[in-house]
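Undergrad: Structure below; questions to follow.
All of the numbers you see were taken from the coordinates with simple rules; none came from a lab. Treat the numbers as computed from the prediction; the structure is a model and nothing was measured. Here the Cβ positions follow ideal geometry from the backbone for every residue, glycine too, while neighbour counts run over all protein chains shown.
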Amino acid sequence: MAQSLSIVQKAGIGLGALFCVTVLWGAVQPREEPPYDPVKAHHEHPEQIVWSHNGIGNLGVTGTFDRAQLQRGFQVYRQVCSACHSINRVAFRDLEALGYGEEQVKVIASEYEVADVDSDGEPTTRPATPADKFPLVYPNEAAARAAQGGAYPPDLSLITKARHDGTNYVRSLLLGYRDEVPEDFAKPDTLWYNPWFASLAIAMPQPLIPDAEQVEYTDGTPMTVENYATDVAAFLTWTAEPKLENRKETGLAAIGFLIIMTFLGYLSYKKIWRDVKKGKPA
């Protein structure tokens with residue numbers, strides 16, 4: 001029995017030593033260079049800028065939306081983006097959070113048509129009301145692809161949540177169209193080169209044209225593509241997180257409450273155990 005156990009032990013030690021040698025051998029072997037990927041080589045990360053809703057230090061813990069910026073962003077969306085992209089998760093009455101009055105919201109809603117049925121049950125349309133959501137640009141994905149040459153323009157309601165570093169990503173993407181394409185990147189003729197897009201080749205034509213002054217801001221803000229992209233990115237951040245400010249306020253209140261309760265608990269601990277530590281009964 002002792003001899004059999006010794007053989008088992010020796011076999012275990014041998015296998016362990018073989019495993020260690022194999023691991024060490026793999027560690028010292030030269031690594032093979034991964035194949036060159038022009039997409040990874042030329043892909044750019046979003047430019048980081050300061051946003052009012054990210055608060056102090058751009059950390060996202062505090063901060064509030066700039067209402068004037070949100071209204072400008074909504075203006076850019078309506079005049080540029082809404083031709084292809086919907087924001088179907090947003091109701092017209094939600095626009096009151098941007099600083100629009102009730103009557104203004106009614107006027108904005110009345111400019112849109114939404115699906116309805118008549119008294120006979122037949123499909124029809126009617127002017128939207130504040131209770132309605134922004135209508136879809138296309139009735140379904142097939143219709144959207146047919147109108148866009150096979151590309152599918154996504155709904156933008158949650159786009160900044162669906163993309164990493166969404167607010168900065170949207171802004172960088174809108175400003176990222178380039179005429180010069182790297183020689184080692186084969187771009188299809190039907191697509192546009194944009195190093196901020198995942199595949200570098202995007203089906204959406206450049207929506208913001210430099211020096212075109214596509215949107216006339218009513219508050220006098222300079223009409224530049226940088227301002228257009230920044231403002232619409234902020235607006236789409238709001239559509240994705242309309243309760244962002246409330247969430248931050250609740251979080252800060254909860255942290256303040258926990259700090260106060262921790263301090264009171266410490267004082268209670270000191271008072272209750274003070275005499276016990278001195279050897280006196282509590």
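Undergrad: Output needed: percent of Cα pairs per 10 Å distance bin for the range 152-249, bins running from 0 to the one holding the longest distance.
TA: Answer for the range 152-249: a P(r) of 14, 39, 33, 11, 2, 0 percent.
Undergrad: Additional query: Where does the range 72-145 land on Rg(C-alpha)/(2.2 N^0.38 Å)?
TA: Relative to the 2.2 N^0.38 Å estimate, the range 72-145 comes out at 1.18.
Undergrad: Using a basic spin-label model with each label point 7 Å from the Cα along Cα→Cβ, how many nm lie between W273 and F185?
TA: Here the answer is 6.2 nm between the modelled labels.
Undergrad: Based on the alpha carbons, how large is the Rg to Rh ratio for the chain when Rh follows Kirkwood?
TA: 1.22
Undergrad: If eta is 1.306 mPa s and T is 10 °C, what Stokes-Einstein diffusion coefficient results for the range 132-172, Kirkwood Rh from Cα pairs, in µm²/s?
TA: So the translational diffusion coefficient is about 136 µm²/s.
Undergrad: Assuming 0.692 mPa s and 37 °C, estimate D for the range 1-120 with Stokes-Einstein, Rh taken as the Kirkwood radius over Cα pairs, in µm²/s.
TA: D = 147 µm²/s.
Undergrad: Right, here's the next one. Between F257 and E96, what is the FRET efficiency for a Förster distance of 30 Å, r being their Cβ-Cβ separation, to the nearest 0.05?
TA: So the FRET efficiency works out to roughly 0.50.
Undergrad: How big is the equivalent ellipsoid of the range 91-133 along its three axes, where each semi-axis is √(5λ) from the Cα gyration tensor, reported in whole Å from largest to smallest?
TA: In descending order the semi-axes read 25, 8, 7 Å.
Undergrad: Still on this structure, please answer the following. Only Cα pairs under 8 Å and at least 6 apart count here; give the relative contact order of the chain as a rounded whole percent.
TA: About 21 percent, as a whole number.
Undergrad: Additional query: Could you give the length gained on full extension between K161 and V39, defined as 0.36 nm per residue of separation minus the Cα-Cα distance, in nm?
TA: Extra length available between K161 and V39 comes to 41.6 nm.
Undergrad: Computed FRET efficiency, Cβ-Cβ of L264 and Q104, R0 35 Å: what is it to the nearest 0.05?
TA: Between L264 and Q104 the formula returns 0.15.
Undergrad: With θ taken as phi - 60° and the coefficients 6.51, -1.76 and 1.60, list the Karplus ³J(HN,Hα) couplings across the range 55-66 in order, rounded to whole Hz; mark glycine and proline as x.
TA: The phi angles translate into x, 4, x, 6, 8, x, 7, 10, x, 9, 6, 8 Hz.
Undergrad: Among the lysines in the chain, how many pairs, 8 or more places apart or on different chains, have alpha carbons under 30 Å apart?
TA: 15
Undergrad: Apply the Karplus parameterisation 6.51 cos²θ - 1.76 cosθ + 1.60, with θ equal to phi minus 60°, to every residue of the range 184-196 and state each ³J(HN,Hα) to the nearest whole Hz, in sequence, with x for glycine and proline.
TA: My calculation for the range 184-196 gives 8, 10, 8, 8, x, 5, 8, 10, 10, 7, 8, x, 8 Hz in order.
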